[in-house]
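This report refers to the structure that appears directly beneath it.
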Amino acid sequence: GEATPLPDPELADARVAYARRQAAEGAWTVVAAALVDASRISATRADREDRLLQAVDALTGAGLVDRAVEALPEVEALPAGPRRDAVLAYVAIQRGRRAEAVAHLDSAWRLRGTDRAAAAVVCQRRVLHALADWDGDELVRWAGTAVEHAEPGSPPAVEATAIIGLGHAARGEIPQAFAAYRRAVADNPAGPQHQRARMGLGWLLLAQDDPEAARRELEFAAPTARRDGSNRISLWALGWLARARFALG
């Protein structure tokens, strides 16, 4: 039945593989559903826990924070560690719970050990936290650390690169900000990370009082976000697009 599904390791692995393919497209809602399924039918406790963490991470990435919050008791019941604490930090950041986010981020970094992939994710969450605080120094510092720890081309590396321009902007380094966005757009010519970079560039152009150029970037970013399934990025793009259109009358 639904309450106690039987373990099915092969089907669980197939769902994880499907989730990985969908993640490459940025379809986080689909990724989350597949990982929840995989977690429930995984044969080992380690796999169940790992896939649960990935699922809650994907729910948060998709902007489905209410569903992520429903799963928090299960996540909080797991032993403290960099991956678990990075997920808890991610949810706290999205809920605007600053002190909670800081506590989980500090714990995740302290417990990172030699797991470079986990460390890269923690760095990326630090970047998001610094963005929420509009702290350019911290954003640029943690983005650099994320790139050092992450595999080239992995989500933490690409996402840090897509946001670092806003850190330069927050520090008043406008030429460096535009240079960072030119690189981010060129390095990711298609897909969800390209859209993410274009959204950030639109935000920067709007802040620099160029609403016409901002509108072009943000109009490109918004429909891509809806198609690729990241509600959160879609909301950012649409929010700034509304501001740009308002500025243009």
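The values are calculated or read from the model by the stated rules, or taken from the named source; none is laboratory data. Not measured: the values here are computed from a predicted model. Please note: Cβ atoms are built from the backbone with ideal geometry, for glycine as well, and neighbour counts cover all protein chains shown. Protein only, heavy atoms only, side chains kept; ligands, DNA and RNA dropped before computing areas. Shrake-Rupley method; radii C 1.70, N 1.55, O 1.52, S 1.80 Å.
Brief remarks on what is shown
- Ile233 meets the stated requirement of being part of a helix (DSSP H, G or I), of a type in the set (Val, Ile, Thr) and either free of Cβ contacts under 8 Å to residues at least 12 places away in the same chain or open to solvent by less than 20 Å² (accessible area, probe 1.4 Å) (or both).
- When the stretch 124-152 is limited to residues that are in a loop (DSSP other than H, G, I, E, B) and over 19 Å from Ile233 (Cβ atoms), the one that is least open to solvent (accessible area, probe 1.4 Å) turns out to be Ala150.
- Taken over the stretch 130-157, residues that are touching a residue at least 60 places away in the same chain (Cβ under 8 Å) and in contact with a Cys (Cβ under 6 Å, 6 or more places away or on another chain) amount to 0.
- Test result for Ala92, surrounded by 21 or more Cβ atoms within 10 Å (Cβ to Cβ), within 17 Å of Asp135 (Cβ to Cβ) and in contact with an Asp or Glu (Cβ under 7 Å, 6 or more places away or on another chain): yes
- Some residue of the stretch 34-41 being assigned to a helix (DSSP H, G or I), modelled with pLDDT under 95 and hydroxyl-bearing (Ser, Thr, Tyr): yes
- Residue selected from the stretch 153-198 under the condition of a type in the set (Val, Ile, Thr) and in contact with a helix residue (DSSP H, G or I) (Cβ under 7 Å, 6 or more places away or on another chain), by the criterion surrounded by the most Cβ atoms within 10 Å (Cβ to Cβ): Ile164
- Pairs with Cβ under 6 Å, 6+ apart, first in the stretch 67-89 and among the aromatic types (Phe, Trp, Tyr), second surrounded by 20 or more Cβ atoms within 10 Å (Cβ to Cβ): none
- Hits in the stretch 40-54 (condition: of a type in the set (Ser, Thr, Tyr) and open to solvent by 20 Å² or more (accessible area, probe 1.4 Å)): Thr44
- Residue match in the stretch 72-87 (condition: under 23 Å from Ile233 (Cβ atoms), in contact with a Ser or Thr (Cβ under 9 Å, 6 or more places away or on another chain), at pLDDT below 95 and in a helix (DSSP H, G or I)): no
- The listed residue being open to solvent by 80 Å² or more (accessible area, probe 1.4 Å) and under 15 Å from the mean Cα position of the chain (by Cα), out of Arg98, Arg116, Arg83, Arg110: Arg83
- Flag if Ala247 is open to solvent by 20 Å² or more (accessible area, probe 1.4 Å), of a type in the set (A, V, I, L, M) and over 30 Å from Ala117 (Cβ atoms): yes
- Residue-level check: of (1) at pLDDT below 95; (2) under 27 Å from Arg116 (Cβ atoms), Asp66 misses just (2).
- Leu201 modelled with pLDDT of 85 or more, assigned to a helix (DSSP H, G or I), buried (at least 24 other Cβ atoms within 10 Å of the Cβ) and in contact with a helix residue (DSSP H, G or I) (Cβ under 6 Å, 6 or more places away or on another chain): yes
- Filter pass, Ala24 being in contact with a helix residue (DSSP H, G or I) (Cβ under 8 Å, 6 or more places away or on another chain), crowded, with 21+ Cβ neighbours inside 10 Å and within 27 Å of Ala132 (Cβ to Cβ): no
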